[in-house]
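Structure, as structure tokens:
The values are calculated or read from the model by the stated rules, or taken from the named source; none is laboratory data. From a predicted model like this one, the values you see are computed outputs, not experimental measurements. Backbone-built Cβ (ideal geometry, glycine too); neighbour counts: all protein chains shown.
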Amino acid sequence: MMKKLTVKEMTESEQRDVKTWLDKARIRTGRPLTNSEQNRIKNEAIEKIMQARKKIATASHAEKNPKKTVPDSTTFDWLTSISTRPPR
């Protein structure tokens with residue numbers, strides 16, 4: 001689980017998105033938002049940004065780590081891997 005982002009940790013475009021969501025909410029209500037309304041909208045915006053970041057991170061992680069090879073049904077034979085020559 002990722003820790004909660006703060007506005008300072010966001011990129012400029014993400015900060016603009018948060019401000020845009022606040023402006024849209026203010027326009028919808030037709031009045032200035034209360035502190036609790038602003039905080040609720042900011043939290044919703046931060047959650048959406050965190051989900052988007054997580055989605056990108058998992059996609060890039062999947063690209064970096066291709067599927068592992070499936071082991072064969074044959075087992076490793078130690079006798080063929082060690083030398084039969086006795087130690088000196």
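List of remarks:
- Cβ-Cβ contacts under 9 Å between residues 6 or more apart (or on different chains), taken from a first residue in segment 1-27 that is closer than 13 Å to Lys48 by Cα to a second residue that is modelled with pLDDT under 85 and among the β-branched types (Val, Ile, Thr), are listed as Glu14/Val7; Gln15/Val7; Val18/Val7.
- Segment 25-44, residues that are among the charged types (D, E, K, R) and surrounded by 11 or more Cβ atoms within 10 Å (Cβ to Cβ): Arg26, Glu37, Arg40, Lys42, Glu44
- When segment 16-30 is filtered for residues that are assigned to a helix (DSSP H, G or I) and more than 13 Å from Glu47 (Cα to Cα), the ones remaining, listed by number, are Arg16, Lys19, Thr20, Leu22, Asp23, Lys24, Ala25, Arg26, Ile27, Arg28, Thr29.
- Residue satisfying all of: in segment 4-20; charged (D, E, K, R) and within 18 Å of Asn39 (Cβ to Cβ); modelled with the lowest pLDDT among these: Lys4
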